[in-house]
Amino acid sequence: MKADGVSVYTIKHLQINQNAEQTYHSIRNSIVSAQHRLSAAVNSTMVITYWEIGEQIYKVCGENDRAEYGKKLLDYLSEQLTVEFGKGFTVRNLRAMRQFYCLFPIRHTLCAELSWSHYRQGLFIQKNVQNLRGVSGNWNGRLKCYTKVVTGVANEI
């Protein structure tokens, strides 16, 4: 049978295709949303873990991570962690984790929306600002660096 020159089969076929397409997009949106939530959870967990590693290193080394004992400890930790967990635990990264803890000694002040990469950029900028402006120990200098990284205008420093 035809309805206005279009077969009933064609109309039902179009409705089925439209329903299938809507269902596909709904399922796709659920998957993409889950991927984003999972990624955010992993990033947040990594940041907290790296903060905890930095805290533990600081408690053992204090400010002396470049002294002989600190160097040996970081070398040892780097070697052991790399063997067990793979790359990412170089002496340089462990030192950055310690620096991260020193910059944010209160864990709940960490921003869950920022990844480790964001914090690493902040550490890099903070270190360079200290070198260029001599703001060592100045919270306002740290806050400026952090704010510029968060707002994405770090290149204005």
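Answer yes or no as to whether E55 is among the charged types (D, E, K, R), in a helix (DSSP H, G or I) and open to solvent by 80 Å² or more (accessible area, probe 1.4 Å).
On the way: among the charged types (D, E, K, R): yes; in a helix (DSSP H, G or I): yes; open to solvent by 80 Å² or more (accessible area, probe 1.4 Å): no.
So E55 fails the test.
Restricting attention to region 16-65, and to residues there that are among the acidic types (D, E) and under 27 Å from L77 (Cα atoms), which single residue is modelled with the lowest pLDDT?
Step one: filter region 16-65 for residues among the acidic types (D, E), giving 21, 52, 55, 63, 65.
Filter again for under 27 Å from L77 (Cα atoms), leaving 52, 55, 63, 65.
On the way: E52: 96, E55: 95, E63: 71, D65: 62.
Here the residue is D65.
Taking G70, is it small (G, A, S) and under 19 Å from T90 (Cβ atoms)? Talk me through it step by step, then tell me what you get.
Details: small (G, A, S): yes; under 19 Å from T90 (Cβ atoms): yes.
Taking the combined requirement at face value, the residue satisfies it.
Of all residues in region 90-107, how many are open to solvent by 50 Å² or more (accessible area, probe 1.4 Å) and in a loop (DSSP other than H, G, I, E, B)?
Count: 3.
Is it the case that some residue within region 1-11 is modelled with pLDDT of 95 or more, polar (S, T, N, Q), part of a helix (DSSP H, G or I) and surrounded by 10 or more Cβ atoms within 10 Å (Cβ to Cβ)?
We begin by selecting, within region 1-11, every residue modelled with pLDDT of 95 or more; these are none.
Within region 1-11, none of the residues are modelled with pLDDT of 95 or more, polar (S, T, N, Q), part of a helix (DSSP H, G or I) and surrounded by 10 or more Cβ atoms within 10 Å (Cβ to Cβ).
Which of the following residues is surrounded by 11 or more Cβ atoms within 10 Å (Cβ to Cβ), at pLDDT below 85 and in a helix (DSSP H, G or I): L123, L73? Write out each step before concluding.
On the way: L73 fails: at pLDDT below 85.
Sole residue among the options that is surrounded by 11 or more Cβ atoms within 10 Å (Cβ to Cβ), at pLDDT below 85 and in a helix (DSSP H, G or I): L123.
The values are calculated or read from the model by the stated rules, or taken from the named source; none is laboratory data. Given the structure is predicted, the values throughout are model-derived calculations rather than measurements. For neighbour counting, all protein chains shown are included, and Cβ atoms are generated from backbone atoms with ideal geometry for every residue, glycine included. Side chains included, ligands, DNA and RNA excluded: accessible areas come from the protein's heavy atoms. Shrake-Rupley method; radii C 1.70, N 1.55, O 1.52, S 1.80 Å.
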